[in-house]
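Have a look at the structure below, then the notes.
Every number in this text was worked out from the coordinates using simple rules, so none of it is lab data. All values reported here derive from a predicted model rather than from experimental measurement. Here the Cβ is made from the backbone with ideal geometry for all residues, glycine too, and neighbour counts use every protein chain on show.
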Amino acid sequence: MPIETALNIEFADRLKELPPYLFVEIDKAKRQARAQGRDIIDLGVGDPDTPTFPHIIETMKTAIADPANHRYAFDAGLPALRTEIAVWFKGRFGVDLNPDTEIYPLIGSKEGLAHLPLGIINPKDKVILTDPAYPAYRPTITFAGGKITNLPLKESHGFLPDLKKLAEIKDAKFMYINYPNNPTSATANLEFYKELVALAKEKGIILISDMAYSEIYFDGEKPPSILEVDGAKDIAIEFHSFSKTYNMTGWRIGWACGNPKLVAALAKVKSNFDSGIFQAIQVAGITALRTKPEELNDLRSMYEERRDCLINGLRSLGWKIPPPKAAFYVWGRLPKGFNSSMETAAAFLEKANIVVTPGVGFGPAGEGFVRMTITMPTERLTEAVNRLSKIL
Ligand SMILES: *Cc1c(COP(=O)(O)O)cnc(C)c1O
């Protein structure tokens, strides 16, 4: 085709509607710094640095060699996986789930979180998004044609949504909640969930709970599931993930559970997009759910030690951040002398070869904060504190 008649390819309007990706500049600067041979400490990525547990890998080795696992998987996953999830859920939260109607395996929880809105909202429906929030929620609402109403999470409220403010919002279709929270690491207790469920029922708001960090908690305080609240299943669906719990981010496996109608809506959307999880990974997932509690205790102890290392180190520099109770993020107000989260991230990279995530990347209310991860050994965190001591 002559060049003059080549199509002028443009992105679809729905892509153009997405907000600019604020991390692009930071990513570019990070890549440049690495290319220059600088030793970068990346406190930006939320991805476990330790390997998948060996017993899970052993199961995978056998499962991958079995031809039965090489074909299209069932959309709804292996019945044995759904049953194992139900057993795990009962043991962890004391909640009964029907493996056939109330559980649906996912190719990672992000996949399900992103597909569900396509099954439950119509164009112009109002959706409540906490601000700050995990960045994956926003685009999917836009794709489904939903309109976003921000609900700020304030430190004075423990980064929980203010239910009085929520009560004032009219005609919202659904809302995402995420505790333990990314990026703030805040946790929610059962009392809060009870009040939230009561209010959501009164107002007819569907609740989508993202519990990717359910097993990464400290000081022995286990985060509850919203499904522990009586009657929560009438309006709530919860997303769980193997990624952070078993160091399996690359494997892509998670699940949704809760209200059968919401689960069915998600299943129907998915049946048009994908063909299930590679079955060998599902078999390995069953083994993962049977991981001995001691092993997860060791994982939590490791993160707890790192958390204390970073928090105490920063405090010794006069940067006081409350220690997170869960997840692997340290969410700190900007240190003295810094005016914006972007400026702080740029200065840390330029002067200390440290990458942090600017809070504004998680929503306007994230301005004034940076997020730092503890997914690296204490020696590196100590080195980060040493470097920061020269610029703070
Ligand atoms: C990491 C993360 C996820 C995604 O988990 P996958 O199961 O790997 O897709 C979901 N929600 C939050 C808040 C996360 O931080």
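Rounded to the nearest 20 debye, the dipole size of the chain about its Cα centre is 600 debye, using +1 on the Cβ of Lys and Arg and -1 on the Cβ of Asp and Glu.
For the range 186-265, what does the alpha-carbon gyration tensor say about shape, rounded, prolate or oblate, given a ≥ b ≥ c as the root eigenvalues, a/c under 1.5 as rounded, and a/b over b/c as prolate? Please list the in-between numbers first.
Details: a/c = 2.99, a/b = 1.34, b/c = 2.23.
Cα axes put the range 186-265 in the oblate bin.
Along the axis of the charge dipole computed for the range 54-289 (Cβ charges of +1 for Lys and Arg, -1 for Asp and Glu, origin at the Cα centre), the listed residues 248, 200, 145 are led at the positive end by 145. Projecting the Cα atoms of 130, 95, 115 onto the charge dipole of the range 54-289, computed from C-beta unit charges around the Cα centre, puts 115 farthest toward the positive end. What separates the Cα centres of the range 1-65 and the range 342-359 is a distance of 19 Å. Over the Cα atoms of the range 289-370, the radius of gyration divided by the Kirkwood radius equals 1.07; this is the Rg/Rh ratio. Counted without the sites themselves, the longest stretch of the chain free of GluC sites (Glu not before Pro) in a DSSP loop having at most 15 other beta carbon atoms within 10 Å is 18-220. Residues 309, 257, ranked from the fewest to the most other C-beta atoms within 10 Å, line up as 309, 257.
Specify whether the C-alpha gyration tensor of the range 54-289 places it in the rounded, prolate or oblate class, a ≥ b ≥ c being the square roots of the eigenvalues: rounded for a/c under 1.5, otherwise prolate if a/b is larger than b/c and oblate if not. Show your work: numbers first, answer last.
Numbers: a/c = 1.91, a/b = 1.51, b/c = 1.27.
Judged from the Cα gyration tensor, the range 54-289 comes out prolate (a/c at least 1.5, a/b above b/c).
Test of understanding: ordering 375, 382 by Cβ neighbours within 10 Å, fewest first, what list do you get? If you can, show how the numbers build up before the last one.
Numbers: 375 20, 382 13.
Arranged by neighbour count, lowest to highest, 375, 382 become 382, 375.
Reported to the nearest whole Å, the Cα centre-to-centre distance from the range 73-146 to the range 217-252 is 11.
Take the cross-link list 173/194; 28/147; 244/292; 170/268; 126/154 and give me the ones stretching past 26 Å between alpha-carbons.
Working: 173/194 19 Å; 28/147 31 Å; 244/292 16 Å; 170/268 28 Å; 126/154 22 Å.
In this structure, 28/147; 170/268 exceed 26 Å between Cα atoms.
If you add up the charges near residue 284, with Lys and Arg at +1 and Asp and Glu at -1, over every other residue whose beta carbon is less than 13 angstrom from its beta carbon, what do you get? Summing Lys and Arg as +1 and Asp and Glu as -1 gives 0.
Fewest-first ordering of 320, 325 by other beta carbons within 10 Å of each residue's beta carbon gives 320, 325.
Rounded to the nearest 20 debye, what is the charge dipole size of the range 348-388 about its Cα centre when +1 sits on each Lys and Arg Cβ and -1 on each Asp and Glu Cβ?
On the way: 4 positive and 4 negative charges, 4 e Å.
It comes to approximately 20 debye.
What does the charge count near residue 332 come to, summing +1 for each Lys or Arg and -1 for each Asp or Glu among other residues with Cβ under 14 Å from its Cβ? Once all neighbours under 14 Å are counted, the net charge is +4.
Ordering 224, 269, 289 by Cα displacement along the dipole of the range 218-315 toward the positive end leaves 269 in first place; charges were set at the Cβ atoms of Lys, Arg (+1) and Asp, Glu (-1).
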